[in-house]
Amino acid sequence: MVKPNERVLIAETMTDQTTAQFVHRPTYAEVDTSALRSNFDAIKAHVSGAKVMAVVKANGYGHGLFTVARELERRGVDSLGVAYIEEALELRAAGISSPILVFGGVLKDQLPLFINNDVDVTASSVSKIEQIDTAAKTLGKRARVHLKVDTGLERIGVHYYSSQTLFDAALNAPHCDVVGVYSHFAEVNPNDLFVAKEQLARFHDSTRYFQQRATRPFLRHIAASSGLLMLPESHLDMVRPGLSLYGVYPHPEMRERLKLSPALALKSQVVFFKVVKKDAGVSYGHLWRAPHDTRIITVPIGYGDGYLRSLSNKGAAIIRGKRHSVVGAVCMDQMMVNIGSDGEAYNGDEVVLIGSQNGASITVEELADSIQTTPHEILVALNQRIPRVVRR
Ligand SMILES: *Cc1c(COP(=O)(O)O)cnc(C)c1O
């Protein structure tokens, strides 16, 4: 159990800092940096020689943007990946000096922010690379660029079948240093790798043209967590793990591929205890009714913290080493747990919502599975209202 002032000490900078008013909440997310380090080491060893770009977008998948970036920078990560320029700027302002790639599409007005802060920009079309080159020229600087080839996701990037136009434009952009060429899988289905293999083949066909003409070395990368776990031939020069770095598996069948440890636990405390009579409806809309007289406890967390409302009647909680069910609707700031007619719980007891206690455990993967979403969504939903406690 964490003492309140211990929590103040760990709120480190900027993104990861929790405003003082929240610090005394019993609800917090515990981030285990030793798990981050061991997952990073395991991934690094697994990809035998390929570089690792740690994906820290969306507040480090809820673990803290700066906390994760700094931990992995110290551990020797090759680069960092984020979605938006704001995330990159926050890392630069906090003193992170590793290369940072922004995956998202960019607009012309944002380009000086990239170039002035040494942030790698994704060039996803001919007009984008021309704009980047012009912006760099105007600033009298060089821009670091990763060219994006769309091999089947249809998100951003030049189509693989017309990628020569982007490569030619890049070869004619004297103020740009092309440091990478990349793509992203639409699907890595462990039971049918056809789509992924086809995308990989398209990527190879397309990059060959640039490889033959580029005057300096660049990194080819396509694999995120699923690719790096399921398709060794997709490791190429660099991999871009997000989810797996945090010790969470994209798919149950990927578990046997690599041993990873979850880096985040979500905990709270019992703040109310009561006995509910048979047939009484619990929470908004009475989505659950007591089948018999039963004991119900209340936990101070809700969808306003990012504990998804769709976990109503589906979430779980561990109290005194026993697993119980979330019953009724998850409210904005509170939710109820049925501990049964003989369950034991007292105000102040620890409640584990993600993680383990006395051998019982609740995983991000199972929560995601119970509401048919991805583990990513469970993690990134946990918002800034939840203090982060960093364990070293
Ligand atoms: C989010 C993202 C990743 C990381 O994906 P995971 O499934 O979390 O490993 C890698 N590359 C790109 C382009 C992404 O957007």
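The values are calculated or read from the model by the stated rules, or taken from the named source; none is laboratory data. Every value quoted in this text rests on a predicted model; they were computed, and no experiment measured them. Glycine also receives a Cβ, built like all others from the backbone with ideal geometry; neighbour counts cover every protein chain displayed. Accessible surface areas use protein heavy atoms only, side chains included; no ligands, DNA or RNA. Shrake-Rupley method; radii C 1.70, N 1.55, O 1.52, S 1.80 Å.
With a 1.4 Å probe and all protein chains left in place, how much of the accessible area of segment 33-250 comes from carbon and sulfur atoms, in whole percent? Mind dumping the intermediate values first?
Numbers: 4080 of 8370 Å².
About 49 percent, which is the carbon plus sulfur part of the accessible surface.
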Subject >> Heavy-atom SASA rank of ASP305, ASP118, ASP333, ASP237 (probe 1.4 Å, accessible area, largest first) >> reply: ASP118, ASP333, ASP237, ASP305
Original post:
What is the percent of Cα-Cα separations in the chain that go past 35 Å?
Top reply: 34 percent
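For n ≥ 4 DSSP H runs only, could you compute -39500 (n - 2.57) per run for the chain, divide by its residues and tell me the 222 nm figure to the nearest 500? Spell out each step's value before the answer.
Working: 12 runs with 115 residues, N = 392.
Rounded to the nearest 500, the figure is -8500 deg cm²/dmol.
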Original post:
Using 7 Å Cα-to-Cβ label points, what is the GLU350/ASN172 separation (nm, one decimal)?
Top reply: 6.4 nm
**OP:** Please report, as a whole percent, how much of the solvent-accessible surface of segment 264-391 comes from carbon and sulfur atoms (probe radius 1.4 Å).
**Re:** 49 percent
Original post:
Among all the lysines, which ones have a C-alpha under 25 Å from LYS148's C-alpha, if same-chain residues fewer than 8 places away are not counted?
Top reply: LYS44, LYS51, LYS57, LYS108, LYS128, LYS137, LYS197
Original post:
For SER34 and ASP205, what does the FRET efficiency come to when R0 = 41 Å and r is the distance between their Cβ atoms, rounded to the nearest 0.05?
Top reply: 0.45
**OP:** Mind jotting down the distance between the C-alpha centroids of segment 36-93 and segment 340-392, whole Å?
**Re:** 23 Å
Original post:
How far is it, in nm, from the label point at THR165 to the one at ILE371 when both lie 7 Å from their Cα along the line to the Cβ?
Top reply: 4.2 nm
Original post:
At a probe size of 1.4 Å, how large is the accessible area of HIS204, to the nearest 10 Å²?
Top reply: 60 Å²
Original post:
Suppose R0 equals 41 Å; then what is the FRET efficiency for ARG74 and LYS108 from their Cβ-Cβ distance, rounded to the nearest 0.05?
Top reply: 0.70
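When ligands, DNA and RNA are left out and all protein chains stay put, how many square angstrom of accessible area per residue does the chain have with a 1.4 Å probe? Present the calculation step by step, with values, prior to reporting the outcome.
Numbers: 16720 Å² over 392 residues.
Accessible surface, normalised per residue, equals 43 Å².
Note the full-extension length gain between SER261 and TYR84 as 0.36 nm times their separation in residues minus their Cα-Cα distance, in nm to one decimal.
Full extension of this stretch gives 61.0 nm more.
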Subject >> Label-point separation in nm, GLN212 to HIS24, each point 7 Å along Cα→Cβ >> reply: 7.0 nm
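Show ARG75, ARG388 ordered by accessible area, largest first, where the area counts protein heavy atoms only and the probe is 1.4 Å. If you can, show how the numbers build up before the last one.
Working: ARG75 105, ARG388 15 Å².
Reading off the accessible areas and sorting them downward yields ARG75, ARG388.
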**OP:** Excluding HIS184 itself, calculate the net charge of residues whose Cβ lies under 9 Å from the Cβ of HIS184, where each Lys or Arg counts +1 and each Asp or Glu counts -1.
**Re:** +2
